[in-house]
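Shown next, in structure tokens, is the structure this report addresses.
The values are calculated or read from the model by the stated rules, or taken from the named source; none is laboratory data. Every value quoted in this text rests on a predicted model; they were computed, and no experiment measured them. For neighbour counting, all protein chains shown are included, and Cβ atoms are generated from backbone atoms with ideal geometry for every residue, glycine included.
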Amino acid sequence: MKILVTGGAGFIGSAVVRQAIRAGHDVVNVDTLTYAACLENVASVAENPRYCFEHVDIRDRAALNRVFAAHQPDVVMHLAAESHVDRSIDGPGDFIETNITGTFNMLEAARQYWIEMGKPEAFRFHHISTDEVYGSLPADPNVQFTEDTAYDPRSPYSASKAASDHLVRAWAETYGLPVLLTNCSNNYGPYHFPEKLIPVVILNALAGKPLPIYGDGSNVRDWLYVEDHADALLTVVERGVVGRTYNIGGENERSNLQLVQTLCGILDQLRPRESGPYADLITFVTDRPGHDARYAIDPTRIREELGWRPSVTVEEGLRKTVHWYLESESWWRPLLNRHRVGERIGADADQSARSDSKKS
């Protein structure tokens, strides 16, 4: 199977690329290489004859048409997206252009190609999205997101992903495009760009810097190891029912404070500091605007229909992740110099509006 992966130099996309190559598939990696992308993420497969890289922006329709015509994929896995909630608060425009307009271009390019190829029955357009489109859950552990949960996005990022989900469903209903959708919980693991919570905590701890936690740390997330997610995505694209949505969760709910405390304990074991436990560095900072209280996924559909379950607990996955960062300084060190990495972003929505007005 030849798979066209958008965003294949990013965090989740690169995990999909690596696993797809290992599974024997041909892969065309389409990526515009934004600040959060890194070709080092796919260096282990870059010389494989079944791998090809196309430096293309999904907002460039003509370039997408060329890629489809040149490579003639059997399947599209659309992961390219702006994904950092805090950056979406400070600069929502990039999220609208990439996540909404970019997805529109992908759908149209795929639809044109599908028609020109005679509407092959095996063709799939797999759109990869987030559980954040569903909004926030109460503390009740019996309440989880299902594929039928109503959309209620609360941030520019989640709103842009919700819009892209709706476009994909509309192209299926209106044009008959064979689509699959997946909505995942919070990913973590190797090659995670150092602006999200887990890599920030690991790298700040190693540098002896404060470990920032929004609010009181009570916000709950379901944590999904990125290699498990990649496996689930390939399972869906190979065996999923056309037109279906599958929610992919790690079955590992933890509050942000619990997560950081677990990371500190692992670091205490693997790289102890002379001046005391890493938990001493925990610092509570002003919460970000619109911070959802809890996400949790009910994975019944993907478990019962496709037989998929995550392979690791969050504690096992975090230990693997810390090991990887301790051994991979040559990967993460240069990324710390990229635009606004390490800064507090998205803290003041009013200031963001003032900044946007100055740019316009």
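Please work out if Glu54 is among the charged types (D, E, K, R) and outside any loop (DSSP other than H, G, I, E, B).
For Glu54, the condition - among the charged types (D, E, K, R) and outside any loop (DSSP other than H, G, I, E, B) - is met.
Looking only at the stretch 135-157, count every residue that is in contact with a Ser or Thr (Cβ under 7 Å, 6 or more places away or on another chain) and either under 22 Å from Ile96 (Cβ atoms) or of a type in the set (A, V, I, L, M, F, W, C) (or both) and tell me the total.
4
Identify the residue in the stretch 209-226 that is at pLDDT 95 or above and aromatic (Phe, Trp, Tyr) and, among all such residues, is farthest from Pro190 (Cα to Cα).
Trp223
Quick check on the stretch 215-263: of everything there that is over 22 Å from Arg22 (Cα atoms), touching a Ser or Thr at 6+ places or on another chain (Cβ under 9 Å) and aliphatic (A, V, I, L, M), which residue is surrounded by the most Cβ atoms within 10 Å (Cβ to Cβ)?
Here the answer is Leu263.
For every residue, the table says whether it meets (1) crowded, with 23+ Cβ neighbours inside 10 Å; (2) under 23 Å from Ala69 (Cα atoms); (3) touching an Asp or Glu at 6+ places or on another chain (Cβ under 8 Å).
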site: Ile89; (1), (2), (3): yes, no, no
site: Val133; (1), (2), (3): yes, no, yes
site: Thr149; (1), (2), (3): no, no, no
site: Asp152; (1), (2), (3): no, no, no
site: Ser155; (1), (2), (3): no, no, yes
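Yes/no matrix, rows are residues, columns are (1) among the hydrophobic types (A, V, I, L, M, F, W, C); (2) over 20 Å from Ile128 (Cα atoms); (3) part of a loop (DSSP other than H, G, I, E, B); (4) out of contact with any Gly (no Cβ under 9 Å at 6 or more places or on another chain):
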{"position": "Asn29", "(1), (2), (3), (4)": "no, no, no, no"}
{"position": "Ala36", "(1), (2), (3), (4)": "yes, no, yes, no"}
{"position": "Ala46", "(1), (2), (3), (4)": "yes, yes, yes, yes"}
{"position": "Ala62", "(1), (2), (3), (4)": "yes, yes, no, yes"}
{"position": "Val76", "(1), (2), (3), (4)": "yes, no, no, yes"}
{"position": "Gly102", "(1), (2), (3), (4)": "no, no, no, yes"}
{"position": "Met106", "(1), (2), (3), (4)": "yes, no, no, yes"}
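Pairs needed: first member in the stretch 60-77, among the acidic types (Asp, Glu); second member anywhere, crowded, with 16+ Cβ neighbours inside 10 Å and assigned to a strand (DSSP E or B); C-beta distance under 8 Å; at least 6 residues apart or different chains.
From the stretch 60-77, the pairs are Asp74/Ile3; Asp74/Arg124.
Look at the stretch 292-336 and say how many of its residues are basic (Lys, Arg), in a helix (DSSP H, G or I) and touching a helix residue (DSSP H, G or I) at 6+ places or on another chain (Cβ under 8 Å).
1
Identify all residues within the stretch 235-265 that are in contact with a His (Cβ under 9 Å, 6 or more places away or on another chain) and either over 23 Å from Leu137 (Cα atoms) or of a type in the set (Gly, Ala, Ser) (or both); write none if there are none.
Within the stretch 235-265, Val236, Val237, Gly240, Gly250 qualify.
Return yes when Asp90 is farther than 14 Å from Ala230 by Cα, of a type in the set (D, E, K, R), within 15 Å of the chain's Cα centre (by Cα) and modelled with pLDDT under 95 and no when it is not.
Answer is no for this residue.
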